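I have placed the structure first, in the form of C-alpha cells, so that the comments after it can refer back to it.
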Ligand code: AMP
C-alpha cells in the first residue's frame, strides 16, 4: 500500500492503478463501519484508494475537531490488511491553501435534519468531497448509510455537477449490542454507552411497530422519543420521520420513511437511523 500526501504524489500513484477505481473517503480512527466500505470497494473495483482527512470546514467552531480521535499508524495497518492500494492523507495546507474561498453548496436536501442543527456542516462536506473526487477521479465512491443525509447530499452533488462516479451507499455496521459504530463512540464511558443503546433500541421498536402495521409518522417518531427519553443521560436533539430521498418531514400515514435522530449522550453527539 502506498501512502501519499501531496496532490502530485497522489497523481503519480493513481497512474499505475487498474480501473475501475473504488474510493473510500474517511476522517480516520477506523472501525468496522469504515472497513465494511473498504471491503465492498475491494469487491466491486480493481483497485481501492482510501483517504483520511478530518475536514475542518465541516466542523463548527464549538464542535470536536481538536479532540477528534486519531491513530494514523493503526488506520494504515487496517487499510493495508484490507488490500487498499493507496491511502491519501492530505494536510490542511494542501486542501485549503492560504486565500481559499471556493465552496460547493447543495441547496435543498442540506436544509433539514443535521443541516438545521449544524448550519455550515454540509457546505464543508460537499466542498471536501468535490475536492477529493477531483483529485482521485474514482469510478465508484463508497459512503455509509450511518450518515444518511450525507449520502443524499453527496448523491445530489454528484448528479448536479456531472461527476462520472457511481455512489454506493453501504449499510450501517453495529456493535453486537446494537450501537451504531462511530469514531465518536470512543468518547463514551460505560454508563453513557449503556444509555446510547436507547438510540438503536428506539429505532428497533419503531421498526417492530411499522412491521405490525403502524404507519402514522407521529406515532413512529414518538416511539423513538419515548425510548430515548427513558434514559437519564440522554438529551434528545431531534427525531425525524422523513422521505428517504427528499428528506421532507412526513405527516400522517407513510409508505416508506427514514427515521433519523441526533442525541447528546453526556457531551457526545450521536446519530442513528433506519429506513422503513
Ligand atoms: P467518517 O470517518 O465518520 O467521516 O466516516 C467515513 C465513512 O464511513 C462515511 O461514509 C460514513 O457514513 C461511513 N461510516 C461511518 N460509520 C459507519 C457505520 N457504523 N456503518 C457504515 N458506514 C459507516
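Data table
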item: Residue satisfying condition, being buried (at least 19 other Cβ atoms within 10 Å of the Cβ), assigned to a helix (DSSP H, G or I) and touching a residue at least 60 places away in the same chain (Cβ under 8 Å), within set 220, 199; result: 199
item: Any chance residue 247 is part of a helix (DSSP H, G or I) and either within 16 Å of the ligand (Cβ to nearest atom) or buried (at least 20 other Cβ atoms within 10 Å of the Cβ) (or both); result: no
item: Odd one out for residue 30, checked against (1) farther than 21 Å from residue 153 by Cα; (2) surrounded by fewer than 16 Cβ atoms within 10 Å (Cβ to Cβ); (3) under 18 Å from the mean Cα position of the chain (by Cα); result: (2)
item: Count - residues of segment 129-148 that are more than 10 Å from the ligand (Cβ to nearest atom), in contact with a strand residue (DSSP E or B) (Cβ under 9 Å, 6 or more places away or on another chain) and either assigned by TED's automatic domain parsing to the domain that holds residue 240 or on the phi < 0 side of the Ramachandran plot (or both); result: 7
item: Residue match in segment 77-95 (condition: outside the structural domain of residue 269 (by TED's automatic domain parsing), out of contact with any helix residue (DSSP H, G or I) (no Cβ under 9 Å at 6 or more places or on another chain) and touching a residue at least 24 places away in the same chain (Cβ under 8 Å)); result: yes
item: Residue count, segment 136-148 (criterion: outside any strand (DSSP E or B) and under 14 Å from residue 52 (Cα atoms)); result: 1
item: Complete set of residues in segment 97-115 that are within 30 Å of residue 17 (Cα to Cα) and in contact with a helix residue (DSSP H, G or I) (Cβ under 7 Å, 6 or more places away or on another chain); result: 103, 104
item: Residue in segment 16-26 that is part of a helix (DSSP H, G or I), away from the ligand (no atom under 15 Å from the Cβ) and touching a residue at least 40 places away in the same chain (Cβ under 8 Å) present; result: no
item: Residues (more than 15 Å from the ligand (Cβ to nearest atom) and either surrounded by 17 or more Cβ atoms within 10 Å (Cβ to Cβ) or in the same structural domain as residue 197 (by TED's automatic domain parsing) (or both)) located in segment 159-181; result: 163
item: Of the criteria (1) over 23 Å from residue 155 (Cβ atoms); (2) in contact with a helix residue (DSSP H, G or I) (Cβ under 8 Å, 6 or more places away or on another chain), which one residue 195 fails; result: (2)
item: Enumeration of residues in segment 58-76 that are closer than 22 Å to residue 10 by Cα and either part of a helix (DSSP H, G or I) or not assigned by TED's automatic domain parsing to the domain that holds residue 25 (or both); result: 72, 73, 74, 75, 76
item: Flag if residue 226 is in a helix (DSSP H, G or I), touching a helix residue (DSSP H, G or I) at 6+ places or on another chain (Cβ under 9 Å) and surrounded by fewer than 17 Cβ atoms within 10 Å (Cβ to Cβ); result: yes
item: Residues of segment 28-55 classified as away from the ligand (no atom under 13 Å from the Cβ) and not in a strand (DSSP E or B), total; result: 5
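The values are calculated or read from the model by the stated rules, or taken from the named source; none is laboratory data. Computed from a predicted model, the values in this text were never measured in an experiment. For neighbour counting, all protein chains shown are included, and Cβ atoms are generated from backbone atoms with ideal geometry for every residue, glycine included.
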